[in-house]
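The values are calculated or read from the model by the stated rules, or taken from the named source; none is laboratory data. This one's a predicted model, so the numbers in the text were calculated from it and none came from an experiment. Methodologically, a virtual Cβ is constructed for each residue, glycine included, from the backbone with ideal geometry; neighbour enumeration extends over all protein chains shown.
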Amino acid sequence: MQHLALLLPALLLTACAAGTGYRYPTGPTAPPALTTVTLNEAFHIRPDRANEYIQYGEIKPYNKIVEYYPHCFFELRTVSESARIVSPETFMVTGISRDRFMAGFRKLMVASFGGDYNPVMSTTQISLHSDTQPEVFRLSCQQLDEPYLARHVSLQQMRETLGGLFTLE
């Protein structure tokens, strides 16, 4: 029984230490090569918002998004008290950037207790330009992963996520 009492804490300490060495093993991937993003149908932005989320080809409120699956959001430059409609148009891509950051409640836990177990949000931001609709700002696609799985949304995943709402060329 004494051996079990000594073995249990040792196993628990070993289990807590395992896994801290993994960090982005998939490596960086090149951003997608895009020149235009076409909005295929009118896009409605609710009042007091500058963006709307899209997942599985549908516009959804943020609390209905499953962050561990690819999702995108279409952004305007400013928040407005009234609802707005973005008309169908082809927007020029002026830049593409990628970023990863720690997200969620576990970030606080990691800061408090150490370790590297916080989820990572991998985001691809596509900057957009339109002469006729200058309020249109950006289309971003992202997903949340455990740190050892962190990966950016692929171009094919973006197309699937956006469904028929947008065409990426």
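Residues checked against (1) under 21 Å from the mean Cα position of the chain (by Cα); (2) over 29 Å from H129 (Cα atoms); (3) modelled with pLDDT of 95 or more:
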position	(1), (2), (3)
L7	no, yes, no
T29	yes, no, no
T38	yes, no, yes
D48	no, no, yes
I59	yes, no, yes
L76	yes, no, yes
V79	yes, no, yes
G104	yes, yes, no
### Message
Quick check on my filter: what residues within the range 35-73 are part of a loop (DSSP other than H, G, I, E, B), in contact with a strand residue (DSSP E or B) (Cβ under 8 Å, 6 or more places away or on another chain) and closer than 19 Å to E89 by Cα?
### Response
T35, N40, A42
### Task
Test M92 against the stated conditions and say whether it is more than 17 Å from E67 (Cβ to Cβ) and at pLDDT 95 or above.
yes
### Query
On the given criteria, is R138 at pLDDT 95 or above, in a helix (DSSP H, G or I) and either within 16 Å of C72 (Cα to Cα) or in contact with a strand residue (DSSP E or B) (Cβ under 7 Å, 6 or more places away or on another chain) (or both)?
no
### Task
Mind listing just one residue for me: the one in the range 141-169 that is hydroxyl-bearing (S, T, Y) and not in a strand (DSSP E or B) and, of those, nearest to V79 (Cα to Cα)?
T161
### Task
Assess whether L128 counts as being over 12 Å from the mean Cα position of the chain (by Cα), surrounded by 16 or more Cβ atoms within 10 Å (Cβ to Cβ), modelled with pLDDT of 95 or more and not in a loop (DSSP other than H, G, I, E, B).
yes
### Message
What's the number of the only condition in (1) surrounded by fewer than 16 Cβ atoms within 10 Å (Cβ to Cβ); (2) at pLDDT below 95 that P119 fails to meet?
### Response
(1)
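Yes/no per residue for (1) touching a residue at least 12 places away in the same chain (Cβ under 8 Å); (2) touching a His at 6+ places or on another chain (Cβ under 7 Å); (3) surrounded by fewer than 16 Cβ atoms within 10 Å (Cβ to Cβ); (4) closer than 22 Å to Q143 by Cβ:
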{"position": "E41", "(1), (2), (3), (4)": "yes, no, yes, no"}
{"position": "Y56", "(1), (2), (3), (4)": "yes, no, yes, yes"}
{"position": "Y62", "(1), (2), (3), (4)": "no, no, yes, yes"}
{"position": "C72", "(1), (2), (3), (4)": "yes, no, no, yes"}
{"position": "A83", "(1), (2), (3), (4)": "yes, yes, yes, no"}
{"position": "P88", "(1), (2), (3), (4)": "yes, no, yes, no"}
{"position": "F91", "(1), (2), (3), (4)": "yes, yes, no, no"}
{"position": "T94", "(1), (2), (3), (4)": "yes, yes, yes, no"}
